[in-house]
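Heads up, the thing below is written out as structure tokens.
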Amino acid sequence: MSEIPDKYNHNTAEERWMKLWEESGIYRWDPTRSREETFVVDTPPPTVSGSLHVGHVFSYTHQDLIVRYQRMRGKNIAFPMGWDDNGLPTERRVQNIFGIRCNPRLPYNPDWKPRRDKDDRDVEEVSRRNFIEACQLVTVEDEAAFEALWRRLGLSVDWNQTYATIDAHCRKISQLSFLDLVEKKQAYQVEAPTMWDIDFQTAVAQAEVEDRERDSFYHDIRFQVEGGGDFVISTTRPELLPACVAVAAHPDDERFKPLFGKNAITPIFQAAVPIVPAEHADPEKGTGILMICTFGDSNDVDFWKKGGLPLKQIIGLQGTLLPVEWGTAPFTTQDPAAAQKAYDELAGQHLKKARARVVEMLAEAGAGVGEPRPTKQFVKFYEKGDRPLEFVSSRQWFIRILEHKEKLLEMSRQIQWHPDHMRLRIEHWIEGLNQDWAVSRQRYFGVAFPVWYPLDAEAQPDYSRPIYADARLLPVDPLSDTPPGYSEDQRHQPNGFTGDPDVMDTWATSSMSPQIMSHWGLDAKRHNRLFPMDVRPQSHEIIRTWAFYTIVKAWMHENTIPWKHVTISGWILDPDRKKMSKSKGNVVTPGHLLEKHSSDSVRYWAARARLGTDTAFDEKVMEQGSKLRTKLFNASKFVLGVMERSGATAGGADQITHPLDLAMAANLCDLVRGSTESFDRFDYAGALAATEDFFWNFCDDYVELVKRRSYEEEDTAGRRSALAALKLGLETLLRLFGPTMPYVTEEIWSWRHPGSIHRASWPSDSEFETGGRIEHPGAYTLAVEVLKKVRMAKTEGKKNLRWPVARLEIVAGADDLKALESVLEDVLQAGAVDPAGVTLTPGEGLSVKATLADNAA
RNA sequence: GGGCGAAUAGCUCAGUUGGUUAGAGCAUCUGCUUUACACGCAGAGGGUCGGGGGUUCGAGUCCCUCUUCGCCCACCA
């Protein structure tokens, strides 16, 4: 029992409870309880890119609402927190903050320290290990900022269960995963054309690619046909002319049918290339005949993969044209000297400059036809990149997914998606897959592949005999650790070894987030108590990556789904209905919102948005939350005061016997059932709306109606019933609001209860075993209706609500009159009606006429 | 080009399986110092439920079609 404060200051109260919750450990996961008793969340590890966003607050609140409900249902909660700190976003930030760039060939410098005052320095090159240290320095700061925000927001995370995707544990799980996939023949390495970002200098996967519309030009080029004749090709990429390996037209295209089987001669380079039929050639597009180059687009790749054509690799990893020797295969030509002379002007140039020069050459050679024609085209970009992707042949690791489409669809359908239509997104994505998962990246701050390659007598790696790390020794870094059977001095030596220099796609680690938490492969007991998990909360734009890859991994490793449910939060839109994003400059930082409105109010705003629904950022809704918070505080203070007035004590539900109280309790019981059903299907917003609606009516109508009986001096049955019902109402409503407004409900709960409300049990039917049967179910509604009529009369008479009513004439059906009589005393008192002026007349419908007294008495 | 979702009061949103005069909050207007709360209470005005067809005794709710917006996907010569 503590003193009830007069006022509620959300900032001091929230700071206080935040600390108390941590000290008391009420949100800790209990590793001794069984899987059935446990509710496990696959918390999204936020990308620690330094920027905090209201969108974060929005979606993480949704998770917490579900978690807090489950906790009150008695579940042992496993709600961890991870930090996604590896990958390109971190590398980019670190490069900018410290003005550094990674050069993996440099040796580690133990004395080097990152400096933030980079103003007038040139970009500094540092070793991979130094670079990673700089990354870690930044991410630790970012993680602290996130944790502070999460704590203040009231996320009921178990802060003992945290991980960072670059930490040793995550690297170990990621490498274990990789070795398991190698063992299961699901991971393979191949030299093949791969989508390549020339700026980031890395391969990228299909899931990270987006199409962007660009302005472009068709250039018309005349090709000669061997043995006579010519034709014109329209191309947007004339710079690929030296890489042309064939020209193709549709097999049914009468214009070109006679040419199939002959050779065309490329202008300038004078290379003879076959004229072939190809289904993908569209007679309507361009001139109906096109160049096949290695490689201009994915059609070229697909066609080339069918075999029979040489590989003329002219695009280098930096996006410049490679030097080549004309006159030797595959760069055959009828005029080696001329071809070489022309090409030497292009070698070393960036693609864009090469294009311009080729166009000039074509014009000089008379092979350019007319002026370039502007067009729009969709070009593939790495989602974080600025220049178009190129298809470059390189050695990469892949994970087999194309051949498992059916199985992956089946697994996806075993999972329940909320809202359900989000399941279609992953189904369509799986159906549309056209490449295996390219999982290696030519980057530095990431998880290394636990692989080395033996070197032959010429110190060339033998990729057909990779050396895998011993699973017991993970994590390893093949660039500094020595493979089994070798000594470190054999590194890079003839007949020695070399480490795989690549790192894994960041999703290769994030896709293991359930197993990272459960310690798959390391602690079977823990794993079985946490996996498969209950719910994966996430946003919809990463269904094709995070959700998809996690499903892939769980199936490949253990032939199971990773979780039973996926909940998808919507986006926050600014008032113009645009998605909020940093680049648009319309982001609202969440810290000051919590200060200004309180965490409870910001959570209220988030809780009103249903899963999958995009929501406008609206501080008005937060203000509405603040009103609710204040009302909860004031109403609780008052109800407790009434309950405990002059030494009276409110009893249990069995004390509830008065018709009005019985009816209220029955309505409340319905509310509890409805809210429980809503929460069970992750509809926290529906539960909140119903609870809020009930609460305001409880305050305005019910509390007013029972004041008379609760104020009685004698310990009557009527008073006992009123006090017990007030107690039941207050304690039930507080718990229903608990998940949404954890701070203010905890504050109020603490006045009269020893433990946390967040460990209290969720209201259930058994709490509504009242001391009487309901004879007039409509009594409460009727009482409210009559009271409203009385109030209306006072408002229309411009009198205050205490103004006495001289006469009250009620006409109603016989049953309603009976019901009304049972609660009439409460109604008359609440309306300040003179009992002597009341007439009850049987009749049709319900009609109420109130006549105000002349004087205020 | 294909798919998914959305369109309800000035604004932000509810409207369960089709069923009486379509709801809430904010905003607007009007009253009320009422001893829990003026971040309150009592009221009022405000919507042809995007357009058009159809099914039905009855449609915001089901079917078709169109329009607008958002998102996802698509082979980009």
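Taking the options A:645, A:681, name whichever one is open to solvent by 10 Å² or more (accessible area, probe 1.4 Å) and touching a strand residue (DSSP E or B) at 6+ places or on another chain (Cβ under 8 Å).
Exactly one of A:645, A:681 is open to solvent by 10 Å² or more (accessible area, probe 1.4 Å) and touching a strand residue (DSSP E or B) at 6+ places or on another chain (Cβ under 8 Å), namely A:681.
Could you list all residues from region A:339-356 that are out of contact with any Leu (no Cβ under 6 Å at 6 or more places or on another chain) and open to solvent by 40 Å² or more (accessible area, probe 1.4 Å)?
Those that are out of contact with any Leu (no Cβ under 6 Å at 6 or more places or on another chain) and open to solvent by 40 Å² or more (accessible area, probe 1.4 Å): A:340, A:341, A:344, A:345, A:348, A:350, A:352, A:353, A:355, A:356.
Does region A:476-517 hold any residues that are of a type in the set (S, T, N, Q) and under 23 Å from residue A:560 (Cα atoms), and which are they?
Correct list: A:506, A:509, A:510, A:511, A:513, A:515.
Consider residue A:299 against the criteria (1) under 16 Å from residue A:390 (Cβ atoms); (2) in a helix (DSSP H, G or I); (3) in contact (Cβ under 8 Å) with a residue 60 or more places away in the chain: it satisfies all of them except one. Which criterion is unmet?
Evaluating residue A:299 over (1) under 16 Å from residue A:390 (Cβ atoms); (2) in a helix (DSSP H, G or I); (3) in contact (Cβ under 8 Å) with a residue 60 or more places away in the chain leaves (3) as the failure.
Quick one: in region A:684-707, which of the residues that are of a type in the set (Asp, Glu) and surrounded by fewer than 18 Cβ atoms within 10 Å (Cβ to Cβ) is farthest from residue A:788 (Cα to Cα)?
Of everything passing the filter in region A:684-707, A:693 is farthest from residue A:788 (Cα to Cα).
Being over 26 Å from residue A:381 (Cα atoms), near RNA strand B (Cβ under 8 Å from one of its atoms) and of a type outside the set (A, V, I, L, M): is that true of residue A:283 here?
Yes.
Condition test on residue A:661, is it open to solvent by 40 Å² or more (accessible area, probe 1.4 Å), assigned to a helix (DSSP H, G or I) and away from RNA strand B (no atom under 12 Å from the Cβ)?
Numbers: open to solvent by 40 Å² or more (accessible area, probe 1.4 Å): no; assigned to a helix (DSSP H, G or I): yes; away from RNA strand B (no atom under 12 Å from the Cβ): yes.
Taking the combined requirement at face value, the residue does not satisfy it.
Among the candidates A:447, A:451, A:439, single out the residue that is without any contact (Cβ under 8 Å) to a residue 60 or more places away in the chain and open to solvent by less than 10 Å² (accessible area, probe 1.4 Å).
A:451
Considering (1) β-branched (Val, Ile, Thr); (2) more than 13 Å from RNA strand B (Cβ to nearest atom); (3) open to solvent by 10 Å² or more (accessible area, probe 1.4 Å); (4) modelled with pLDDT of 90 or more, say which one residue A:587 fails and leave the rest.
Exception for residue A:587: condition (4).
Considering only region A:506-519, I want to know if a residue exists there that is aliphatic (A, V, I, L, M), farther than 17 Å from residue A:38 by Cα, surrounded by fewer than 22 Cβ atoms within 10 Å (Cβ to Cβ) and touching a residue at least 60 places away in the same chain (Cβ under 8 Å).
no
Could you grab the pairs with beta carbons closer than 7 Å, sequence gap of 6+ or different chains, first residue in region A:469-486 and open to solvent by 40 Å² or more (accessible area, probe 1.4 Å), second one part of a loop (DSSP other than H, G, I, E, B) and at pLDDT 95 or above?
The qualifying pairs are A:484/A:470; A:486/A:496.
Determine whether residue A:796 is within 11 Å of RNA strand B (Cβ to nearest atom) and of a type in the set (Asp, Glu).
Considered against the rule, which asks whether it is within 11 Å of RNA strand B (Cβ to nearest atom) and of a type in the set (Asp, Glu), residue A:796 comes out as yes.
Within region A:424-540, which helices (runs of 4 or more DSSP H) (wholly inside it) include 2 or more residues that are basic (Lys, Arg)?
A:524-530
The values are calculated or read from the model by the stated rules, or taken from the named source; none is laboratory data. Note that the structure is a prediction, hence the values are computed from the model and not measured. Note that each Cβ is placed from the backbone with ideal geometry, even for glycine, and that neighbours are counted across all protein chains shown. Just the protein is used for accessible areas: all its heavy atoms, side chains included, with ligands, DNA and RNA removed. Shrake-Rupley method; radii C 1.70, N 1.55, O 1.52, S 1.80 Å.
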